[in-house]
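Okay, so here's the structure we're looking at.
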Amino acid sequence: MADLTDHRPEQQRSQATAAPLFDREAASQHCQLIGLEPQQAHLRALHWNGGGARDLPPGKHSPQLLEELQQQGHRLYVIAGGGRNREAVAAIPAVFAEWDGLILEDVEALLHEAQLQGLPEPTLLLTTWEHGSAHVWWRLDQPCTDIPRWERLMVRLVVALGSDPVCVDPSRLMRLAGSAYIAKAGHSRQGQVLGQARIFHDDPEATTTLEELEAQFQQRPELAEQLKQSSVATYDPPTDAERQQRREKALLPPRPMAQIKAALACIPKRESGLPDGDPWRYPAHRFAAAGLRDALYRLHKRPDLEIDEEAKATAHAEALELMEEHSPSRECGWDVAQVLGSSAWLDEGTFWSRAARAGFALAALPPTPPLDGVPWIPEDAPTNAPPAQPGAKATASLTLEEATARLRQARADGCDGVELETLLQGLAEQSGHHPAALHKILQEIDREAEAEIAGDAAAQELAVVRDYEREIQGFEIAGFLPPRIAAALHTVTHGLPYPGPTLAVSFLAAVSGVLPLGSEILGLEASDYRVPINLYLALVGHTGDRKSQLGRATITRPPAEIQRLYNRAHAEALQAWQLENEGKKKEDRSPKPFLHRLQLQDYTGEALAHRLMEAEKIQRGILIFRDELSGLFRSLDRYRSGGKGGDEEQLLEMYGGEPFASARVEAVERVYDRCHVSIAGTIQPATLRALMGSGDDQGKFARFLFAPLLDRPERIPTRLPDGWSQVVGEARATLAAAIKHAARIDLDSAGNPDVRMPPLPWRLTLTQEAQERFADWDHDLQKQRHSLPKEDPRRGVLGKTSSQGLRVMGLTHILWTGAGEADPGDPLSLAEVERSLAFVELLQRWVMGFHASPAAAEEPQMQQLARRIHQITTRAGGWMTWKEIRDRMNAGEKKGITSAVGNAAMGALVRAGLGELKERDGSPRALRATGSLPP
């Protein structure tokens with residue numbers, strides 16, 4: 001194997017920035033072999049010292065940038081799933097496996113054995129450096145979009161091959177071929193180039209399918225038992241209940257630190273290069289380190305928590321420190337931080353068994369359970385208490401409750417440092433309890449105080465959300481839209497929990513999709529500020545908020561009658577074309593009739609360009625309606641070569657009706673000079689946060705209006721008044737008539753749309769008075785925008801709000817002309833402009849608040865918990881205690897949430913005016929939700 005070690009003089013090698021070994025061709029080949037175009041790969045750069053991480057999504061990197069990052073000391077990785085985390089992954093083109101600390105010959109032997117058992121030939125095998133790791137990739141014939149299925153397959157692959165158990169995450173960072181391997185901090189040669197990730201084997205023709213791989217594992221029944229025994233899927237410490245299930249005997253108390261250190265001292269110091277068959281090769285020390293971490297976790301874990309996140313962090317840090325003392329990374333040919341960081345959480349038994357194998361005699365500990373919530377303290381625990389005087393008799397003058405009250409008061413008075421330590425020692429003497437026990441109580445007091453502070457902040461934020469909810473509930477759309485249309489919208493959504501503004505903007509999206517090509521509104525004549533009257537809309541709501549029903553009632557159904565006319569005309573034209581061209585050769589046939597669709601559910605960039613080219617011929621636009629917009633956002637430019645005119649650029653340019661030209665598909669040119677495209681669909685708030693969290697440099701989210709749905713239970717009526725069917729029919733007819741008016745469709749003698757007569761586009765203007773008001777409003781928005789930091793995503797929202805205001809003005813004016821309340825040729829009045837600006841401001845207040853959350857990616861934990869409690873109690877419809885609320889949460893939601901945190905969140909809801917508390921002597925306090933919340 002080639003020696004890639006950096007042989008420059010010591011003075012040069014000690015410089016962390018020297019890493020000139022980047023191989024562009026190898027990096028490009030790596031991406032292509034695993035099914036990614038190089039420019040569309042999602043990369044990440046991590047500095048060797050742990051700082052300066054750079055996320056490099058598709059289109060945000062180049063060979064020159066990667067070379068610069070390597071020279072600055074960054075290690076380069078590729079993310080096959082293309083997401084910043086698991087939730088952001090929409091599809092993954094390959095499966096992979098990794099082995100640390102094995103020589104290449106070992107990996108080849110493993111693969112040979114796997115192929116004998118039926119596994120396909122791998123597409124790629126690369127090595128990071130001669131003492132590093134080996135990575136094997138199998139490219140799938142098509143990207144897998146069923147991520148849970150892919151993860152199940154990866155678990156089986158790990159068990160079958162014995163590879164690294166953390167490699168089951170679709171957003172896993174994998175070393176990029178061609179990049180320099182730079183030693184991390186803590187390594188004996190930290191910051192130095194140790195080698196280069198090189199492709200050792202590749203076969204571009206070697207692909208497989210998910211089904212083929214699954215079939216291989218199904219044919220091996222012995223894997224089922226291995227999977228049961230495997231801890232591959234265990235990434236958290238097991239709960240006490242899970243530990244009890246694994247053992248037949250009762251749980252023993254945590255082992256004291258002195259015993260843990262004594263056991264570790266028996267394990268031999270790690271040596272690299274041990275021969276095959278030696279029991280102390282790399283895996284033994286890796287398992288010992290992972291088990292040591294769990295033993296330390298049990299020592300620090302609070303007994304009232306299923307999973308103690310603080311104890312996890314402490315145990316990880318202590319295990320790292322102890323293993324570095326035992327087998328230093330600088331001397332023993334491994335990286336302790338990397339080993340622990342990449343190891344699954346294994347039970348402490350893996351540590352004790354290896355210590356026993358090395359000669360440690362596992363001393364029995366008295367099976368003393370925790371008493372009254374006070375942790376068991378071993379006899380040899382360190383203490384700062386003064387030694388007892390000869391003949392003195394211990395007496396407790398304070399109860400534990402009194403000592404706790406003294407600690408609470410001390411914290412309230414700002415006591416800390418030496419003063420607090422002195423108080424603790426005195427309370428320990430007076431109460432007869434060990435200082436360590438009082439330290440635990442003090443930590444709990446501090447946690448309660450932190451929870452109360454977080455609860456106050458959450459209460460303030462939720463109060464703002466509550467006020468907004470009341471405002472949208474009180475917004476009367478009968479003045480914003482013609483009263484007859486407003487009444488029709490309420491009728492067709494009868495019994496469903498949709499606020500008026502959301503109903504109104506949904507129907508405006510439907511109207512925007514049928515307007516003739518070239519429809520526009522001139523907002524400021526002096527500067528020629530004009531925009532097309534299209535709309536990008538996202539309806540935001542949780543699962544179960546009946547988003548799809550809203551879309552059907554207000555967006556897809558109203559234009560259905562016009563679509564039927566186009567369908568009928570196309571059927572007749574197609575029949576005539578078939579008669580005309582019967583018997584003719586393909587090259588002699590006349591052009592086949594094209595069916596215009598007012599709405600599309602799915603598209604590719606090329607197919608949409610073709611449709612818009614055909615739509616331009618008949619001067620029409622298109623509405624793209626997606627029941628789940630997340631699929632649209634995540635699919636942009638995936639698994640295709642990038643460049644100008646890609647899917648995302650196309651979406652951005654369509655907003656302004658920009659022209660398009662492409663000759664990349666089958667050498668057929670796709671050209672249109674202008675277009676009219678609207679987009680509407682639904683999305684969940686958590687998904688939207690994740691997507692926004694990856695940034696919005698191009699402004700695609702800023703182009704959207706966002707309309708929230710309310711998360712509240714509504715019982716759908718089972719009985720309707722007599723004649724209700726007729727009322728609903730008339731309401732639907734009203735909405736369909738408004739759509740026809742907006743579409744300006746001329747019919748021919750057969751009653752079909754006359755495609756030979758281009759429809760007259762809507763060309764709208766504002767009165768001078770209305771222009772002055774709009775200019776002032778736009779100026780205020782720009783001042784707000786420039787007051788925000790450049791990286792704040794709200795700048796993009798404010799930058800697009802003016803154009804959205806104009807679009808809403810135009811759409812509502814068209815509806816008022818259909819109601820006979822305005823003349824199509826008249827400019828928009830000041831009153832019309834004021835109505836539209838107030839409406840847009842109402843919607844934008846929600847998205848500005850949404851963006852104001854940290855990095856627009858995640859709400860504070862306390863606010864999330866309060867929302868979840870509100871949701872649970874709202875759906876229950878009555879009083880609930882914290883225990884009853886917690887029982888309705890899933891395991892992930894319960895993680896790390898104590899009763900103190902839960903009570904603080906309940907209090908936050910009460911202070912925000914979104915709940916009531918009932919407290920009775922001798923009974924737990926209970927909460928009842930009041931009001932509703934937007935997402």
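By average Cβ neighbour count within 10 Å, what is the ranking of 905-913, 727-735 from highest down?
Order by mean packing, descending: 905-913, 727-735.
Can you list residues whose amide H is under 5 Å from ILE679's amide H, if they're 5+ apart or on another chain and H is modeled 1.01 Å from N?
LEU535, TYR536, LEU537, ILE624
Which value, in debye to the nearest 20, gives the size of the charge dipole of the stretch 556-621 about its Cα centre, when Lys and Arg are +1 and Asp and Glu are -1 at the Cβ? It would help to have the intermediate numbers written out before the result.
Working: 12 positive and 10 negative charges, 22 e Å.
Value, rounded to 20: 100 debye.
Read phi for every residue in the stretch 490-503 and hand back ³J(HN,Hα) as whole Hz from Karplus 6.51 cos²θ - 1.76 cosθ + 1.60, θ = phi - 60°, with x for Gly and Pro.
Working through the residues one at a time gives 5, 5, 6, 10, 4, x, 10, x, 9, x, x, x, 5, 4 Hz.
Zone of GLU471 (label point 7 Å along Cα→Cβ, backbone N under 14 Å): which residues in the stretch 834-849?
Under cut-off, by backbone N: 837-849.
Would you mind checking which residues have amide H under 5 Å from GLU306's amide H? H placed 1.01 Å from N; only 5 or more apart, or other chain.
Hits under the 5 Å cutoff: GLY896.
What distance in nm separates the two pseudo spin-label positions at GLU614 and THR930, each 7 Å out from Cα along the beta-carbon direction?
It is 5.8 nm.
Just to check I understand the Karplus step: with θ = phi - 60° and J = 6.51 cos²θ - 1.76 cosθ + 1.60, what whole-Hz values come out for the stretch 874-883, glycine and proline as x?
Those phi angles translate into 5, 5, 6, x, x, 6, 9, 7, 4, 4 Hz.
Between GLN338 and ARG24, what FRET efficiency follows from the Cβ-Cβ distance if R0 is 30 Å, with the result rounded to 0.05? Display every interim value, and only then the final one.
On the way: r = 27 Å, r/R0 = 0.88.
Approximately 0.70, to the nearest 0.05.
Taking amide H positions as placed 1.01 Å from N in the peptide plane, with prolines and chain starts having none, which residues 5 or more places from SER188, or on another chain, fall under 5 Å of its amide H?
So SER188 has HN proximity to ARG330.
Where the only charges are on Cβ atoms (+1 Lys, Arg; -1 Asp, Glu), what is the dipole of the stretch 703-798 about its Cα centre, to the nearest 20 debye? The partial results should precede the final answer.
Working: 15 positive and 14 negative charges, 63 e Å.
Result for the stretch 703-798 is approximately 300 debye, rounded to the nearest 20.
Kindly state, to the nearest 0.05, the FRET efficiency for THR209 paired with GLN601, given R0 = 35 Å and r defined as their beta-carbon distance. All intermediate terms of the calculation are to be shown ahead of the outcome.
Details: r = 27 Å, r/R0 = 0.78.
Efficiency at R0 = 35 Å is approximately 0.80.
Which of the chymotrypsin sites (Phe, Trp or Tyr not before Pro) found in the stretch 313-353 are in a DSSP loop and have at most 15 neighbouring Cβ atoms, other than their own, within 10 Å? Don't skip to the answer; put the middle values down first.
Details: sites: TRP334, TRP345, PHE351, TRP352; in loops: TRP334, TRP345.
Hits after loop and neighbour filter: nothing returned.
Obtain the nm distance between the two label points defined at ALA526 and MET757 by a simple spin-label model: each point lies 7 Å from its Cα along the Cα-to-C-beta direction.
4.1 nm
Compute the FRET efficiency between LYS269 and GLU68 as 1/(1 + (r/R0)^6), taking r as their Cβ-Cβ distance and R0 = 56 Å, and round to the nearest 0.05.
Values: r = 40 Å, r/R0 = 0.72.
FRET efficiency, LYS269 to GLU68: 0.90.
Here, each number is a calculation from the coordinates, and none is a lab measurement. Please read these numbers as outputs of a predicted model, since none were measured by experiment. Glycine also receives a Cβ, built like all others from the backbone with ideal geometry; neighbour counts cover every protein chain displayed.
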